[in-house]
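Before any comments, here is the structure.
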C-alpha cells in the first residue's frame with residue numbers, strides 16, 4: 001500500500017475517534033445540563049422499603065346489631081428510624097418543631113425513646129390535626145424522611161355506657177414488649193386490650209398486620225408505582241355481645257348517680273342482657289394519650305370509676321343468702337316449710353354475745369314462711385345452729401358462689417364461700433366459735449359474692465337447673481357449666497312462692513309492678529367502712545320467669561327502700577319497652593360485611 005493511502009486511513013480513523021468523542025461529550029452535556037433534573041430524579045428513586053400496616057380491630061356489636069365499638073383513622077407525622085439514627089433528620093426535626101410550635105428538646109427525647117425501643121418509624125406528632133397534616137404535606141419537599149401515616153383508632157360509640165364490659169385499648173408498654181413469648185407479633189405503638197372484652201378477646205379482635213413493599217426516593221417519599229403486598233392485612237374478628245343497648249341504658253337510668261351496679265340475665269338463654277356499674281368512664285379518652293388533668297381526675301376519684309363492680313367487687317350477700325340457707329335446712333330435714341322456732345324478741349343470745357335481728361322490736365312467733373318473707377335474722381340464726389359450715393358451703397357452691405362465673409374476664413374475682421377447713425386454716429383448728437355459723441346463716445361474716453353471682457342465684461332460684469350457663473358473648477363456648485342443684489323440686493317451688501310473697505307483703509314491696517308478678521329478696525349488707533349496702537335480687541314474671549336481676553347500691557341503707565326501686569325501674573323498661581322480644585331469643589352473632 002502506498003504511503004498516501006496509509007495516511008488517508010489514519011485521517012479517517014482520527015475523524016471517527018473525534019466524532020465518537022464529540023458524541024460522548026454531547027451526551028454527557030445533555031445529561032448533566034438540559035436533562036439534569038430528570039436524571040437526578042431517577043437516581044433518587046432507587047430504594048424499596050417495606051412498611052408494616054396495622055390491621056383494623058374487629059368491631060363490637062350488641063345483641064340487636066347496634067354498633068358499640070369500631071375504628072376511625074388518625075394521622076401521625078413520622079420519621080424514618082434509620083435516617084434519624086444516622087443523624088440525617090436533625091435539621092428536619094428542627095424545622096417541623098419550629099413550624100408547629102413544638103418543644104424541640106422534648107420532641108427529641110420522645111424520638112430517642114422510640115428509637116431505643118426499636119421502632120421502624122418514629123412518631124414525631126401523634127394524632128395530628130388537619131392543620132399540622134396540611135402544613136407537612138405542603139412542605140414535604142423540604143422534609144426528607146417525613147411521612148404522614150394513617151392508623152386505625154378505636155372508637156366507642158356509646159361512650160361510658162358499656163365501658164366496664166367492653167373495656168378499652170391502650171398502647172403496649174415496654175415491659176410487655178420485652179415478653180417476646182406473649183407479644184412476639186407486637187411492635188412499639190401497637191394497641192392492646194386493657195380491660196373487659198377488649199382484653200379477653202384480644203387475639204381475635206386484633207387481626208393480623210400486613211407488610212407492603214413501596215418504592216421511595218432518597219427523601220423518603222413514595223414514588224408513583226403500585227405497592228407490592230408481602231403479607232395481606234387480615235382485619236380482626238367481629239364480636240357480638242349478648243347485652244342490649246336499650247336495656248343497658250335502662251339499667252344506667254335506673255341506677256342514676258348512685259355508686260351502684262346492676263346485672264340482668266335471661267332465664268331462658270342465660271345471656272346477660274344488661275350489666276352496668278357506676279361511676280363509669282369514657283374509654284375514648286384512653287385511645288390516645290390522655291391529658292394529665294383527665295387522668296388525675298379519673299385515677300384519684302374516691303368512687304373508683306375504673307372499678308368494675310359487676311365482676312371485681314365483693315360484698316356480703318346479706319339476706320339474699322337466706323333462700324339458700326332455707327333450701328339447705330329443708331334438704332337436711334332440720335325444719336319443714338312451716339316450722340316455727342323460738343320467737344324473735346329482737347335477737348339471739350349465744351354464749352356471751354348477743355346477735356341482733358334487723359327489727360329491734362322482734363318479729364314474735366314466726367314460721368319458716370314468715371321468716372323468709374320478713375327476713376327475720378333470729379329465725380336464721382337458729383337455722384344456722386342446726387346446720388354446719390360445710391353443709392352451708394356446699395349449698396352455696398351449688399348455686400355458683402365461690403368461683404368465677406363469666407370465665408372470660410381476667411379481672412373477675414371468685415368471691416369467698418368459707419367452710420370448716422377455711423376457718424381452721426385462717427384462725428387455727430378449733431380456735432373459732434359457733435358464732436361464725438350465725439353470721440353465715442344471715443349472709444354476713446366472711447362470706448363474699450359478686451353482683452354477677454347474685455344475678456345467677458336469682459336465675460337459678462327462678463328456673464332451677466334449667467338456667468343455661470351465663471354468657472356475655474354470642475357463640476361463646478360455655479366450658480364451665482353451672483353445678484347441679486341437688487334440692488327437691490318441691491322445695492325449690494316453695495322458695496319461689498315465698499319470694500313472690502316477699503314482694504307482695506314483705507320487705508320487697510317497692511319492687512312490685514301492677515301488671516307483672518315479681519318475686520324477689522331484699523338484703524342489707526353490713527359495711528365496716530361506712531353505711532350499709534342495699535341489695536335486691538328478683539325474677540319476673542314469677543309464674544314463668546324470663547329475666548333475673550341483682551342490684552346493689554353502696555352505702556345506701558336498706559335493700560327494700562333503696563335497691564328494690566332500682567330493679568323495679570329496670571323491669572318496667574324491660575316489660576314495657578321495645579327490647580323484650582329480642583331478649584327472648586338467643587342472640588345471633590353479626591358477621592363482618594364487605595365494607
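Brief remarks on what is shown
- Residue pairs whose Cβ atoms lie under 7 Å apart, sitting 6 or more positions apart in sequence or on different chains, and linking a residue in the range 155-181 that is under 19 Å from residue 206 (Cα atoms) to a partner that is at pLDDT 95 or above and surrounded by fewer than 17 Cβ atoms within 10 Å (Cβ to Cβ), are 157/67.
Condition check ((1) surrounded by 17 or more Cβ atoms within 10 Å (Cβ to Cβ); (2) at pLDDT below 80; (3) on the phi > 0 side of the Ramachandran plot) across all residues:
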| site | (1), (2), (3) |
| --- | --- |
| 63 | yes, no, no |
| 69 | yes, no, no |
| 78 | yes, no, no |
| 106 | no, no, no |
| 144 | yes, yes, no |
| 157 | no, no, no |
| 166 | yes, no, no |
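- For residue 464, the conditions (1) within 23 Å of residue 272 (Cβ to Cβ); (2) surrounded by 22 or more Cβ atoms within 10 Å (Cβ to Cβ); (3) in contact with a helix residue (DSSP H, G or I) (Cβ under 7 Å, 6 or more places away or on another chain); (4) modelled with pLDDT of 95 or more are fulfilled apart from (2).
- Test result for residue 148, outside the structural domain of residue 282 (by TED's automatic domain parsing), buried (at least 20 other Cβ atoms within 10 Å of the Cβ), in contact with a helix residue (DSSP H, G or I) (Cβ under 8 Å, 6 or more places away or on another chain) and under 26 Å from residue 212 (Cβ atoms): no
Here's the yes/no breakdown for (1) over 30 Å from residue 70 (Cβ atoms); (2) surrounded by fewer than 24 Cβ atoms within 10 Å (Cβ to Cβ); (3) within 23 Å of the chain's Cα centre (by Cα):
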| residue | (1), (2), (3) |
| --- | --- |
| 246 | no, yes, yes |
| 249 | no, yes, yes |
| 269 | no, yes, yes |
| 272 | no, no, yes |
| 296 | no, yes, yes |
| 307 | no, yes, yes |
| 327 | yes, yes, no |
| 331 | yes, yes, no |
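- Residues of the range 28-61 classified as modelled with pLDDT under 90, surrounded by 13 or more Cβ atoms within 10 Å (Cβ to Cβ) and assigned to a strand (DSSP E or B), total: 5
- Listed by position, the strands (runs of 3 or more DSSP E) contained in the range 133-198 that have at least 1 residues being over 25 Å from residue 409 (Cβ atoms) and under 24 Å from the mean Cα position of the chain (by Cα) are 146-156.
- Condition check for residue 480: in the same structural domain as residue 401 (by TED's automatic domain parsing), surrounded by fewer than 21 Cβ atoms within 10 Å (Cβ to Cβ) and out of contact with any helix residue (DSSP H, G or I) (no Cβ under 9 Å at 6 or more places or on another chain): yes
- Some residue of the range 434-452 being in the same structural domain as residue 533 (by TED's automatic domain parsing), part of a helix (DSSP H, G or I), within 23 Å of the chain's Cα centre (by Cα) and surrounded by 16 or more Cβ atoms within 10 Å (Cβ to Cβ): yes
- Scanning the range 463-495 for residues that are over 13 Å from residue 373 (Cβ atoms) and in a helix (DSSP H, G or I) turns up 463, 464, 465, 466, 489, 490, 491, 492, 493.
- Apart from one condition, residue 416 fits all of (1) touching a strand residue (DSSP E or B) at 6+ places or on another chain (Cβ under 6 Å); (2) modelled with pLDDT of 95 or more; (3) buried (at least 20 other Cβ atoms within 10 Å of the Cβ); the exception is (3).
- A single member of 586, 545, 565 is surrounded by fewer than 19 Cβ atoms within 10 Å (Cβ to Cβ), touching a helix residue (DSSP H, G or I) at 6+ places or on another chain (Cβ under 8 Å) and in contact (Cβ under 8 Å) with a residue 12 or more places away in the chain, and it is 565.
- Residue count for the range 181-212 satisfying the condition of being at positive phi, touching a strand residue (DSSP E or B) at 6+ places or on another chain (Cβ under 7 Å) and surrounded by 19 or more Cβ atoms within 10 Å (Cβ to Cβ): 1.
- Residues in the range 346-361 that are surrounded by 13 or more Cβ atoms within 10 Å (Cβ to Cβ) and touching a residue at least 40 places away in the same chain (Cβ under 8 Å): 348, 350, 355, 358.
- Scanning the range 511-540 for residues that are over 15 Å from residue 560 (Cα atoms), touching a strand residue (DSSP E or B) at 6+ places or on another chain (Cβ under 9 Å) and surrounded by fewer than 20 Cβ atoms within 10 Å (Cβ to Cβ) yields 516, 517, 527.
- Matching residues in the range 456-490 - criterion: being closer than 18 Å to residue 327 by Cα and in contact with a strand residue (DSSP E or B) (Cβ under 6 Å, 6 or more places away or on another chain): 458, 459, 462
- Candidates 343, 323, filtered to the one that is surrounded by 16 or more Cβ atoms within 10 Å (Cβ to Cβ) and in contact with a helix residue (DSSP H, G or I) (Cβ under 9 Å, 6 or more places away or on another chain): 323
- Within the range 127-142, tally of residues that are in contact with a strand residue (DSSP E or B) (Cβ under 8 Å, 6 or more places away or on another chain) and either within 21 Å of residue 88 (Cα to Cα) or surrounded by fewer than 13 Cβ atoms within 10 Å (Cβ to Cβ) (or both): 3
- Qualifying position, being out of contact with any helix residue (DSSP H, G or I) (no Cβ under 6 Å at 6 or more places or on another chain), within 25 Å of residue 57 (Cα to Cα) and assigned by TED's automatic domain parsing to the domain that holds residue 151, among 113, 128: 128
The values are calculated or read from the model by the stated rules, or taken from the named source; none is laboratory data. All values derive from a computational prediction rather than experimental measurement. Heads up, the Cβs are rebuilt from the backbone with ideal geometry, glycines too, and the neighbour counts pull from every protein chain shown.
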